[in-house]
Structures are given as structure tokens and as C-alpha cells.
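Worksheet: one structure, shown below.
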Amino acid sequence: MIIDCDPGVDDCIALFAAFASPEFELLGVTTVAGNVPVEVCARNALCAAALAGRVDVPVFRGCDRPLRVAPAFADHIHGETGLGNAALPEPARPLQDAHAVDFIIDTLRRAPEASVTLAPTGPLTNIATALRRAPEIARGVRELVLMGGADAAGGNITPKAEFNFYADPHAAQTVMQSGLKLTVLGLDVTLQLRCTAARMARLHAADTPVTRAAAAMIGHVNAVYGAVYGAEGAALHDPCVIAYLLRPELFAVRPAHVALLTAPEAMRGHAGVSPPGPERPANAVWVDGVDAEAAFSLILERMTRL
Ligand code: BDR
Ligand code: CA
């Protein structure tokens, strides 16, 4: 599996859960401009790996801007460092020299057919660039399980769009039209997995270096974004991807046709989700429900293993 991410508070928690899970053979973590600039994302991924004791996982820096639109960051939510109030250890190894896109292409070219899972939790710029540059790499992909989009829940960066799809709508469109096996976890499901006061108490009670860092990150999001998230607390968007990969039976899914709009500006990054039909064949599995208590317990249990 390759995790392509923009850490980011919730990306970092997704990384912790993945780092702790022996079910995954982690080939690498690739980073992309999103919540914060790509240099910061790459450093955060290295710091997260250092805290988790996973210095064996190579980290790559990827695209520093979307395919066609100007960069849009989310440091108003994740903080200037991208990790809220958490102070992570310094990186324990350097960044890889190769660009993330080259790593993705090389890995997929060498991989046995349909063997590599891609788990993107940021804007899809790296993945789309790799697919555009080397379309034959699709052969090595087993599936993509990604965080992005919104249907019934409405957007979080505009009324119509979720941040990852908004940040690089052309990349999201390339991925949606790729013909690859896609599972899409958008706000409809991720907003169901919240850091309630009771769950925060469980996180604090775990009291390990990793859970303390996670609590500091989420605490920051709750503090600056409390007016939006309210009493239910911050949503754990990106960890839903890892929870889905570990225990898909916790989630409700339906086949769907997902069409990505890139324009006009008011619709940029909007995911039009409709039931499949003769004129609109299914191109994705759309995830719209989760047993939140079980998913939170799973993520917490994994983090406490580190
Ligand atoms: C997504 O946007 C980012 O801010 C989060 O990390 C998550 O991937 C949610 O819309
Ligand atoms: Ca993210």
C-alpha cells in the first residue's frame, strides 16, 4: 500500500493507525500540497514516522501545486505547522531523493498485476500526475480507497465542495474517470466519525506518546473550529480510509456514478453522486455510513499499539 497524504491533523492520525497495522505492507508515504505546503507535509510525515517508530517506511515529497488551479491551503484548521498543538520528534531519517510521482510510477510499473492499494487522503495531484504521465501503471493498481467529496452532507470549503476535491478538481476528475476500482469516503461518512467528549476522554486515558500527540492535534482543531464542529467534536476524516481498509464491514456502501465538476467556481470540486444507470455506469463505491463507535475504537486501539 502507498498512502498519499497532506498531513494535516487527521492525515497524521490515519498514518499512526496505518503504521500500527500489520495487515498493511507499507511501500511508502507520498506527500502532496494540501492542508499545508508540501515541504511541511513531507516533514510532518517523517516526524509522524519517527514518533511511531516506523523509520523503515520511506517518505517522498510530491507535487507542490495543483494541476491547473492556484493552491488552496487549510492551515486555518490544521494550524501553521499542520499539526495543531502537537510537538512531534525530529525526523529520524531524511526524505527520499525521488519525487513522489516517480516513486508511484516506478513502484506500480514493477508491481505484480492488481497488487498495490493506493490510499489517498489529500488532493489527488500526485496520483493524477502519475496516471497522466504513465497510464500503463493502472495495471499494477489493486484499488484506490480515498477520502474526498461530499453528497448529502454538503461541502466544507464551499457549500458544494469538500476540500480535497476542491483543492485540485482536475486531478480528482482524472482519478474519477480512470476506470480504476475506486472506493470514495466523503464527508457523508467522515462527518459521522467525531471526536466527542467521551471519545476524547478515552484518547487522553490511553496516555501514550502517540495518543498524547493525537489528542494535542485534535484539541487544536476543536479549539479553532469548535463553532463549526460543535459539541460533537472534530471529524476524523482521513482515518476513515484506514478503518475501511481494515474493517470494511463497519461501513455502509452503495455503487455510484461520481462525476467531478471543475467549473464554474461555485461548483468547483463538486462531486455529483448518482445511482448508476445505463447512461451513467458505476465508477465508484460511495461510502455513506459507519459504525462510528467501532471505527473510533479500532483507530484508538491501533494507535495505542505504537
Ligand atoms: C479533508 O480535508 C483536509 O483538511 C483533511 O485532512 C481531509 O483530508 C476533509 O475535507
Ligand atoms: Ca488530508
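Values in this text are rule-based calculations from the coordinates and carry no lab data. Here the structure is a predicted model, which means the values were calculated and not measured. Cβ: placed from backbone, ideal geometry, glycine included. Neighbour counts: every protein chain shown.
Run lengths n ≥ 4 of DSSP H only: what is the helix-derived mean residue ellipticity at 222 nm for the chain, with -39500 (n - 2.57) per run over all residues, to the nearest 500?
-11500 deg cm²/dmol
Computed over the Cα atoms, what is the radius of gyration of segment 146-257 divided by 2.2 N^0.38 Å, N being its residue count?
With N residues counted in segment 146-257, Rg over 2.2 N^0.38 Å equals 1.16.
For segment 216-306, go through all pairs of different Cα atoms, get the mean of 1/r, take its inverse, and jot down that Kirkwood value in Å.
Over segment 216-306, the inverse of the mean reciprocal pair distance is 15.7 Å.
Starting from the amide H of residue 142, placed 1.01 Å from N in the peptide plane, find each other amide H under 5 Å away whose residue is 5 or more places distant or on another chain.
Under 5 Å from the amide H of residue 142: 115, 116, 117, 118.
Where in segment 38-77 does the amide nitrogen come within less than 16 Å of the point 7 Å from the Cα of residue 228, taken along Cα to Cβ?
Hits in segment 38-77 for residue 228 at 16 Å: 72-77.
What net charge is computed for the residues neighbouring residue 150, neighbours being all others with C-beta under 10 Å from the C-beta of residue 150, Lys and Arg scored +1, Asp and Glu -1?
In short, -2.
Mind checking Rg over Rh on segment 2-303, alpha carbons, Kirkwood formula for Rh?
Computed over Cα atoms, the ratio is 0.93.
Using per-residue counts of other Cβ atoms within 10 Å, averaged over each peptide, order 150-162, 235-247 from highest down.
My ranking of the peptides, most packed first, is 235-247, 150-162.
When a footprinting reagent is the concern and you count Cβ atoms within 10 Å, what order do 10, 75, 168 take, fewest first?
75, 10, 168
Hey, can you grab everything whose amide H is under 5 Å from the amide H of residue 253? Only 5+ residues off in sequence or another chain; H modelled, so Pro and N-termini drop out.
Amide H to amide H, under 5 Å and 5 or more residues apart or across chains, residue 253 pairs with 288.
Return the Rg/Rh value of segment 1-102, two decimal places, where both radii are evaluated on C-alpha atoms and Rh is the Kirkwood radius.
My calculation puts Rg/Rh at 0.95.
Cβ under 11 Å from residue 185's Cβ, residue 185 left aside: what net charge do those residues give with Lys, Arg +1 and Asp, Glu -1?
Summing Lys/Arg as +1 and Asp/Glu as -1 gives -4.
Considering the dipole of segment 2-303 built from charges on the beta carbon (Lys and Arg +1, Asp and Glu -1) around the Cα centre, which of 150, 225, 276 is farthest to its positive end?
276
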